[in-house]
Every structure is written in structure tokens, then in C-alpha cells.
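Visitor: Before I ask anything, here is the structure I am working with.
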Amino acid sequence: MPNDPSVRAPVAIVTGGAGPGIGHGITESLVSAGWSVVITDRQAERGRAFADKLTAAGAKIELVVLDVTEPGAPERTVQAALERFGRLDGLVNNVGVGLTKRVGDVTDEEFSRLFNVDFMASFRFVRAAISELCKTRGSLVNIGSVHAKLNAEKYGLYAATKAALEAFTRGVAVDYGRQGVRANIVHPGLIESPQNEALLANLVPDARAWMDDFAQKRQCIPRLAEPGEVGDLVEFLLGPKSRLITGQAIFIDGGTTSLLWNNEH
Ligand SMILES: NC(=O)c1ccc[n+]([C@@H]2O[C@H](COP(=O)([O-])OP(=O)(O)OC[C@H]3O[C@@H](n4cnc5c(N)ncnc54)[C@H](O)[C@@H]3O)[C@@H](O)[C@H]2O)c1
């Protein structure tokens, strides 16, 4: 694992690593720190464009186009890492989808889809990767959300899947710590990204103003997190400097989850 300084190019899988938000941020931070990265994404065109850009800049990238919920998807991804790079040191379960509906209006099918993508796929990727991570004394990071701790209207089931992911992360840390494997979860707050702005544009009259207002009123540090800042935290948690940190839920939210109110607003 990268906990061993003799490993010059550790290898990580990042699910949804081609995503224009946190996916890009994580992949770019890992590449900057010298990691080789296997990106999985269901968006072939977006994945290829991103992988080609990074490869042209000298990065070692393998793209696997798949849906993380497909049978065999995790095993295929681990196999791709071993075939291309010969080892696996890190896993980042980044893929996640949202669901904004009051709990009483959610159908079984909607909940199954949400739970399959946001929880089951992460479990299956951990299960497929764990023996390789044991060999390298590797590390894994799941991507949660502030919703695991604080809720907002219509986010009840999304919040439930992220809270389940947190408990699962602790379970992995407990089960595999003695084999040298670490597991942590990162809970981002609202991210500064064009897709969030586009998403919010469907919900509020002025998305930009809403995001700025959120940062002012709901955070101790009044600006939203950039995807690269989440990426740098993930890179820290996969790498050797965090070698005694495991089973932790770490919030990167500018203080959203610490703030009761702000006297200025
Ligand atoms: N954006 C935010 O403000 C925010 C805040 C807190 C937590 N999060 C969490 O961060 C993670 C990343 O979110 P993001 O909004 O930055 O997205 P992102 O930009 O990282 O994109 C996600 C990528 O995942 C891919 N994807 C989605 N479903 C997939 C599937 N079934 N199989 C394969 N690929 C799939 C998409 O094609 C996309 O490229 C998610 O887990 C999300 O819940 C996001």
C-alpha cells in the first residue's frame, strides 16, 4: 500500500471517477499525488474524454465503462486493475444518485434503485476488492453526504442510504484493521459545481443566489467546497499520512454540521 514508501505508483479504483463534480476532483487529486487510477463510469463518452485528457498529461488511467449495479461489475473492475497495473492499493466508492421525495411518496422500485446504487454497489465493490487490499495493506474511502447527519425535506431516504454507508464503513474498519486495511467515509456538504447549479435551477428561482445564500447562512466558512478539496481529503485518507486513521466519518462542509445559527444572518 502507499503506507509503504517503496511503492512509487499505488493503484486506486474510483467509481464514477469521470463525474464532472467530486469524481473529477478525486481522480485529479490522486493523479497529482502519483496514483494510477482505474475509473469506472457508465457514461462512455464522458469517461473517454476525461481519461484521454489525463493520459495525454502523463497520467496512468484505465477506464472501465459499466454500471456499478451490473452483476459482476466490481469483479470486472478489480480484474482490470490487476491486468493493467498488477496491484490494488485503494478503492473509492464515489458513485451516488439522489432522490428528493417525501418518504411516504417513494415507491419500492425507487427505493431499491437508490439503495442499489448508493449502498449495495459500494458493499459489492468492497467485497470484490478486499482480498487485494489485504495483500497491499490498502485503504478505502466511501463518499457519503452531510445528509447522513442532518436532514432536509424530501431527503429522508437518500440520508438513510448515506447513514447506512457510514455504519458499513466502520464495519469494514473493524473487520480488516488487523490485516492492515483502513476504511473511512467522507461526508461532503454542498459542492461548488455547475451540475449542482443546474440541478438547483429546477428547484429554486435563482440557483446561484441560493448557493451563495446557503454558504453564508449555513456554513461557518462562507463558501462552498470545490470538488478538488474533497479529492485532496480522499487522497490524504488513501495515503500514508493517515496511516492510523480508520473507521472515521469526516465532514468536509465548511462547518454546516457544526453550526446552529450564525448571528450575522
Ligand atoms: N454534489 C454534491 O454537492 C454532493 C454533496 C454531498 C455528497 N455528494 C456525493 O458525492 C458523490 C459524487 O457526487 P457528484 O454530484 O459530485 O457526482 P460526480 O460528478 O462525481 O458524478 C458521478 C458519476 O457517477 C456516474 N454514475 C452514476 N450512476 C452510476 C452507475 N450506476 N454506474 C456507473 N456510474 C454511475 C455518473 O455517470 C457520473 O459520471 C455521490 O456519492 C454523492 O451522493 C455529492
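What follows draws every value from the coordinates through simple rules; no lab data is involved. Predicted model only: the values in this text are computed from it and were never measured. Note that each Cβ is placed from the backbone with ideal geometry, even for glycine, and that neighbours are counted across all protein chains shown.
Visitor: What do you get for the angle between helix 156-176 and the principal long axis of the chain? Use alpha-carbon atoms, 0 to 90 degrees, nearest ten.
Guide: Computed tilt is about 30 degrees.
Visitor: So what's the angle, to the nearest 10 degrees on a 0 to 90 scale, between helix 44-56 and the longest Cα principal axis of the chain?
Guide: In the chain, helix 44-56 runs at an angle near 60 degrees to the longest axis.
Visitor: For the stretch 117-203, what percent of Cα pairs sit more than 17 Å apart?
Guide: On the way: 2020 of 3741 pairs.
Result for the distance tail: 54 percent.
Visitor: Ok, one more. Treating each Cα of the stretch 195-250 as an identical point scatterer and ignoring solvent, apply the Debye formula and state log10 I(q)/I(0) at q = 0.13, 0.15, 0.19 Å⁻¹.
Guide: The Debye formula, applied to the Cα set alone, gives -0.51, -0.62, -0.79.
Visitor: What's the local net charge at P194, with K and R +1, D and E -1, over the other residues with C-beta under 14 Å away?
Guide: Numbers: positive: R46, R208; negative: E192, E197, E226.
Cβ neighbours under 14 Å give a net charge of -1.
Visitor: Shifting gears a bit: Between helix 22-32 and the chain, what is the angle of the helix's C-alpha long axis to the longest principal axis, kept within 0 to 90° and rounded to the nearest 10?
Guide: 40 degrees
Visitor: Also, quick follow-up: Determine the distance separating the Cα centre of the stretch 68-122 from the Cα centre of the stretch 142-183; give it in Å without decimals.
Guide: Value for the Cα centre distance between the two parts: 14 Å.
Visitor: If I model a spin label at L259 and I245 as a point 7 Å from the Cα along the Cα→Cβ vector, what separation in nanometres do I get?
Guide: Each label point is offset 7 Å from its Cα along the Cβ direction, giving 2.2 nm.
Visitor: Follow-up. Just give me a number: lysine pairs in the stretch 92-165, eight or more positions apart or cross-chain, with C-alpha atoms less than 27 Å apart.
Guide: Working: K101/K149; K101/K154; K101/K162; K149/K162; K154/K162.
Lysine pairs meeting the criterion: 5.
Visitor: Now a separate question. Helix-only estimate, please: 222 nm mean residue ellipticity of the chain, summing -39500 (n - 2.57) across DSSP H runs of length 4 or more and dividing by its residues, to the nearest 500.
Guide: Details: 9 runs with 114 residues, N = 265.
The per-residue figure over the chain is -13500 deg cm²/dmol.
Visitor: A further question on this structure: Starting from the Kirkwood Rh over alpha-carbon pairs, what translational D in µm² s⁻¹ does the stretch 146-258 have by Stokes-Einstein at 25 °C and 0.890 mPa s?
Guide: So the translational diffusion coefficient is about 159 µm²/s.
Visitor: Separation between the E153 and F111 pseudo-spin-labels, each 7 Å from Cα along Cα→Cβ, expressed in nm?
Guide: Calculated label separation equals 2.2 nm.
Visitor: With no solvent and one point on each alpha carbon, what is the Debye value of log10 I(q)/I(0) for the stretch 1-87 at q = 0.11, 0.14, 0.17, 0.22 Å⁻¹?
Guide: -0.27, -0.44, -0.64, -1.05
Visitor: Sticking with this structure for a sec: Hey, got the Cα dimensions of the chain along the principal axes, in Å, largest first?
Guide: Principal axes ranked by extent give 52, 40, 39 Å for the Cα atoms.
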